[in-house]
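The values are calculated or read from the model by the stated rules, or taken from the named source; none is laboratory data. All of these numbers come straight from a predicted model, not from anything done at the bench. In this analysis, Cβ positions are derived from the backbone assuming ideal geometry, glycine residues included, and neighbour counts consider all displayed protein chains. To get the accessible areas, we keep the full protein, side chains included, count just its heavy atoms, and leave off ligands, DNA and RNA. Shrake-Rupley method; radii C 1.70, N 1.55, O 1.52, S 1.80 Å.
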Amino acid sequence: KTEPTSWDDLLKEMEWMAKDFLDERKYKYRQFKALARAAAKEVEKRNPALVDEEGELRRKASFVAKKVDAFWKLCEKIVKMRHQQRIQNQLREERSKQLDRLVE
């Protein structure tokens with residue numbers, strides 16, 4: 001093995017810096033999340049009505065979403081039923097034609 005050169009030292013330093021920057025970014029992200037949680041708790045503490053209003057809006061949105069989902073499921077059932085009726089009508093017509101051919 002050869003002795004480390006200045007290039008090797010530079011690469012080691014770059015590796016260390018990349019790890020350090022990544023660790024610092026993770027640390028800042030954790031601090032940001034903690035600060036955001038603390039701010040949200042403080043807002044809740046100062047304005048409980050705001051939290052109640054938000055909860056009411058969420059409940060209303062959930063109710064509307066469920067009704068919209070039920071509507072589209074009903075539409076899908078109707079489409080499937082009509083499609084099955086068309087297929088059954090076609091089969092009836094084909095059977096009728098076959099029967100007519102046999103009778104002739």
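Observations, loosely collected:
- Residues of the range 50-65 satisfying the condition of being hydrophobic (A, V, I, L, M, F, W, C) and open to solvent by 70 Å² or more (accessible area, probe 1.4 Å): L50, L57, F63, V64
- When V103, V79 are screened for being exposed (fewer than 10 other Cβ atoms within 10 Å of the Cβ) and free of Cβ contacts under 8 Å to residues at least 12 places away in the same chain, only V103 passes.
- Annotation note: Cβ proximity below 9 Å between a residue of the range 1-13 that is in a loop (DSSP other than H, G, I, E, B) and a residue that is open to solvent by 100 Å² or more (accessible area, probe 1.4 Å) and modelled with pLDDT of 90 or more (sequence gap 6+ or interchain) occurs for P4/K12.
- Checking each residue in the range 1-41 for being among the acidic types (D, E), at pLDDT 95 or above and open to solvent by less than 90 Å² (accessible area, probe 1.4 Å) picks out D20, D23, E24.
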